[in-house]
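This report refers to the structure that appears directly beneath it.
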Amino acid sequence: MNILVTGGAGYIGSHTCVALLEAGHTVMVADNLCNSQAETLERVKQITGREITFYQIDVTDEAATNTVFASQSIDGVIHFAGLKAVGESVAKPLVYYYNNLVSTMVLAKACQKYGVKRFVFSSSATVYGENQVPFVESMPLLPSTNPYGESKAISERMLTDIAKANPDWSVALLRYFNPVGAHASGLIGEVPTGIPNNIMPYITQVAKGKLDKLRVFGNDYPTVDGTGVRDYIHVLDLAEGHVTALDKLTKGVHVYNLGTGHGISVLQLVKAFEEANDLHLPYEITARRPGDIAECYADASKAKRDWGWTAKRDLVDMCRDAWRFESVSKEPSP
Ligand code: NAD
Ligand code: UD1
């Protein structure tokens with residue numbers, strides 16, 4: 001299939017481009033590079049030996065987006081393009097709502113205009129809020145505490161309504177848990193701008209000596225050891241979940257969790273990282289981070305049952321690959 005990947009130069013998008021190309025699909029990327037580098041796409045080409053058509057456009061720009069749809073025969077869209085920093089979304093709600101909602105509307109309109117009927121959307125486990133774990137797709141969603149989470153929940157609702165009104169469309173709403181790790185080549189991975197918010201890039205920068213120590217946000221949660229529990233999933237497993245979604249998707253709107261189904265605490269992650277890479281990671285326990293929940297992990301059975309998809313890589317792979325990207329690779333310059 002000919003797949004338009006918006007946000008394809010970003011962290012999850014670039015790994016998904018690799019998985020799509022390796023599965024034999026043709027890939028076009030639309031990205032404005034607001035949080036990524038064009039060099040990443042060169043590295044995707046290097047890994048796969050395949051070409052990518054790149055459009056440096058903002059997908060909130062309807063005219064520019066329509067130009068891509070008019071000039072290409074597109075079988076499906078995977079919409080990764082979005083802003084994702086939770087704290088920043090609280091400070092700049094309008095920027096987040098505008099970018100994340102208008103991009104989805106512009107793409108849906110273009111799909112309607114040009115007869116593209118497959119749409120895969122990047123949602124997030126954040127839409128479950130503080131529900132009971134494990135999170136199941138059928139749970140009623142709880143309001144988010146931040147504009148980023150709301151922009152995902154609203155996009156889900158918009159796409160659900162659009163799919164209902166267009167019964168020949170196939171829409172997947174994929175709720176990601178915590179993607180970590182990198183391609184085993186060390187050529188592509190997560191390149192955060194500034195001090196990382198998410199734990200794995202923070203850990204790799206501590207290990208590298210760029211940051212002094214990890215701050216563990218709270219050890220008084222009602223969890224296995226008091227620290228926050230998350231469902232970490234290797235980014236390549238997540239990427240392959242998108243290839244499966246395109247392959248298996250049927251008409252209608254379908255919601256799937258993409259997680260492993262296993263909850264890992266912060267201290268368990270630290271220990272796994274130390275053991276996988278044979279190094280010592282300094283840390284201290286600090287106060288809870290406002291907005292954090294105690295536990296977040298998936299019921300991952302629906303994707304397995306319907307699509308035969310499960311995450312294949314384990315925590316050791318995640319820790320090793322994340323560290324390889326930080327320690328030996330030459331990151332694309334920010
Ligand atoms: P990322 O920032 O690495 O990638 C997003 C890409 O989209 C970047 O290359 C950026 O330049 C591009 N982009 C943003 N707005 C754009 C616009 N208007 N037009 C064109 N390009 C634009 O982020 P990521 O981690 O790869 O996340 C991809 C998607 O998955 C996002 O929608 C994010 O909200 C969602 N998600 C991510 C996580 C996570 O932990 N990384 C978890 C759940 C959901
Ligand atoms: C964060 C976002 C969430 C988003 C997800 C994936 C917040 C409040 N939530 O979730 O909306 O979907 O990323 O992008 O930002 N931790 C530390 N020290 C650190 C960093 C994190 O102890 O320096 C802990 C956190 O308290 C948490 C766990 O590590 O228990 C994972 O944190 P993080 O990687 O930021 O992801 P989430 O909190 O799950």
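Per-residue surface analysis assigns residue 307 an accessible area of about 20 Å², computed on protein heavy atoms at 1.4 Å probe radius.
Remark on residue 285: its backbone amide H falls under 5 Å from those of 216, a criterion applied only to residues 5 or more positions apart or on other chains, H modelled at 1.01 Å from N. 3J(HN,Hα) couplings calculated from phi for the stretch 261-272 with the Karplus curve 6.51 cos²θ - 1.76 cosθ + 1.60 (θ = phi - 60°) are, in sequence order, x, 10, x, 10, 7, 4, 5, 5, 5, 4, 5, 4 Hz; Gly and Pro show x.
Could you pull out the pairs from 113/304; 45/84; 164/302; 92/248; 117/302; 84/302 whose alpha carbons sit more than 32 Å apart here? Beyond 32 Å: 113/304; 92/248. Among 93, 140, 201, the residue with the largest mean-square fluctuation in a Gaussian network model of the chain, with springs joining Cα atoms closer than 10 Å, is 140. Take residue 285: with every protein chain present and a 1.4 Å probe, its accessible area is about 70 Å². With all protein chains in place and ligands, DNA and RNA left out, the 1.4 Å accessible area ranks 278, 161 as 278, 161, largest first. Computed over the chain, the per-residue total of -39500 (n - 2.57) for DSSP H runs of n ≥ 4 gives a 222 nm mean residue ellipticity of -12000 deg cm²/dmol, rounded to 500. Between residue 62 and residue 91, the contour length at 0.36 nm per residue exceeds the alpha carbon distance by 7.8 nm. Would you mind pulling out the separation of the Cα centroids of the stretch 232-294 and the stretch 90-125, in Å? Here the answer is 24 Å between Cα centres. Based on the alpha-carbon gyration tensor of the stretch 126-190 and its eigenvalue square roots a ≥ b ≥ c, which shape applies: rounded if a/c is under 1.5, prolate if not and a/b is larger than b/c, or oblate? Cα axes put the stretch 126-190 in the oblate bin.
Taking the stretch 56-91 and a reference point 7 angstrom along Cα→Cβ of residue 197, the backbone N atoms nearer than 19 Å belong to 80-91.
Exposure check, 1.4 Å probe, all protein chains in place: residue 53 carries approximately 60 Å² of accessible surface.
Over all pairs of different C-alpha atoms in the chain, the reciprocal of the mean inverse distance, the Kirkwood hydrodynamic radius, equals 20.1 Å. Counting only alpha carbon atoms, the long axis of helix 199-208 and the longest principal axis of the chain meet at about 60°. Placing a label point 7 Å from the Cα of residue 114 along the Cα-to-Cβ line, the residues of the stretch 13-34 whose backbone N sits under 12 Å from it are 28-30. Given DSSP loops and a limit of at most 13 other Cβ atoms within 10 Å, what is the longest stretch of the chain that contains no such GluC sites (Glu not before Pro)? Here the longest run is 131-334.
The values are calculated or read from the model by the stated rules, or taken from the named source; none is laboratory data. Computed from a predicted model, the values in this text were never measured in an experiment. Because the Cβ atoms are built from the backbone with ideal geometry, glycine has one as well, and the counts that use them run over all protein chains shown. The area values use the complete protein model at the heavy-atom level, side chains included, leaving out ligands, DNA and RNA. Shrake-Rupley method; radii C 1.70, N 1.55, O 1.52, S 1.80 Å.
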